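Everything below concerns the one structure shown next.
The values are calculated or read from the model by the stated rules, or taken from the named source; none is laboratory data. Keep in mind it's a predicted model, so treat the numbers as computed, not measured. Using ideal geometry, Cβ is built from the backbone for each residue, glycine included, and neighbour counts are taken over all protein chains shown. All accessible areas refer to the heavy atoms of the entire protein, side chains included, with ligands and DNA or RNA removed. Shrake-Rupley method; radii C 1.70, N 1.55, O 1.52, S 1.80 Å.
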Amino acid sequence: ARHLLGIEHLSPEDIRTVLDLAESYVSLNRRTIKHSDALAGMTQINMFFEPSTRTQASFELAGKRLGADVMNMGVAQSSVKKGETLIDTALTLNAMHPDLLVVRHPASGAAELLAQKVNCAVINAGDGRHEHPTQALLDALTIRRKKGRIQRLTIAICGDIAHSRVARSNLILLGKMENRVRLIAPPTLMPAGAADLGCEVYHDMREGLRDADVVMMLRLQKERMDGGFIPSEREYYHRYGLDAEKLKLARPDAIVMHPGPMNRGVEIDGELADDINRSVIQEQVEMGVAVRMACLDLLARNLRADRGRQAAGEM
Ligand code: CP
């Protein structure tokens, strides 16, 4: 494919290809010299219209470790603040001949819209409530490494499902790989029609956690609640916060995941989040760099092949 816009466009074979290549980058990243020249001569621009720590830092590191020239566009200091639109901003940057454009935007569909306007490969780094494909891929790599497989697992995704692009991308990926997915949330934070998505729906966290292999916790995304109902944090933690006591309902070897940023004492107990026997949150961050290297590498290969075919056609 030319772009990475969502898990919905990937086949199980595509997903395995990304994860297998990412494994080789996990090894590279653990070496003293972490350099490859897979993106030598290429330019990568990161455009983040929403805050980010993990995704932006890992895309920047990934591009640099692969030898690309990487530019982070500072949206706060850009002409976006003077009213320039997303499309005009992208067309302006496109005129500088980037090869890869990484975009995060609060509007669902923003990455797809950009992909129709620019000549380079576009990677969706999170668009509104729609998708966060590289998060689902790094979660899949983390699960595969910890559980030895990414099929036939029972995975409980718990929290603010309604506003979560992470939940959506994970739900699609885990479904494609034939896992049993449970969504756990209060009725106000469960999307309408969740039961039709091929997963099991629970409002009682204790029921939903029973015998799960993986427990994936999500943050309350207050920035997307548009003045709607926001639960009290105390009450929410009591009913939907994960602690060691509730985790006992899952399988004894169940792993605890969180995409970050996390709010300790709201959706997860701080000590449990730091418990290296159960929590794989730091591994998720490590896998994030490797998965983003694999995605950039695969898109760059496709871009070179496209350009090669175009050049051959022009001769
Ligand atoms: N998980 C995730 O997308 O984190 P950031 O918002 O820090 O990038």
Subset of the stretch 96-125 [within 12 Å of Gly6 (Cα to Cα), among the hydrophobic types (A, V, I, L, M, F, W, C) and within 16 Å of the ligand (Cβ to nearest atom)]
Ala110, Ala111, Ile123, Ala125
Do the conditions hold for Pro133, that is, is it buried (at least 23 other Cβ atoms within 10 Å of the Cβ) and within 15 Å of the ligand (Cβ to nearest atom)?
yes
Got a sec? Which strands (runs of 3 or more DSSP E) wholly within the stretch 200-315 have at least 2 residues that are touching a residue at least 60 places away in the same chain (Cβ under 8 Å) and within 22 Å of Ala167 (Cβ to Cβ)?
214-217, 255-257
What number goes with the only condition from (1) out of contact with any His (no Cβ under 8 Å at 6 or more places or on another chain); (2) within 14 Å of the ligand (Cβ to nearest atom); (3) open to solvent by less than 50 Å² (accessible area, probe 1.4 Å) that Phe49 does not pass?
(1)
State yes or no: is Gly128 within 16 Å of the ligand (Cβ to nearest atom) and either under 30 Å from Arg182 (Cβ atoms) or within 20 Å of the chain's Cα centre (by Cα) (or both)?
yes
Any idea which residue in the stretch 37-46 is farthest from the ligand (Cβ to nearest atom), counting only those that are open to solvent by less than 40 Å² (accessible area, probe 1.4 Å) and not hydrophobic (A, V, I, L, M, F, W, C)?
Gln44
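Given the residues Ala68, Ala57, Ala62, which is the only one that is crowded, with 19+ Cβ neighbours inside 10 Å, within 16 Å of the ligand (Cβ to nearest atom) and not polar (S, T, N, Q)?
On the way: Ala68 fails: within 16 Å of the ligand (Cβ to nearest atom); Ala57 fails: crowded, with 19+ Cβ neighbours inside 10 Å.
Within the list Ala68, Ala57, Ala62, the selection yields Ala62.
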Take the residues in the stretch 88-124 that are in contact with a Cys (Cβ under 9 Å, 6 or more places away or on another chain) and assigned to a loop (DSSP other than H, G, I, E, B); name whichever of them is farthest from Leu66 (Cα to Cα).
His97
Among (1) in a loop (DSSP other than H, G, I, E, B); (2) at negative phi - the single one Lys81 does not satisfy:
(1)
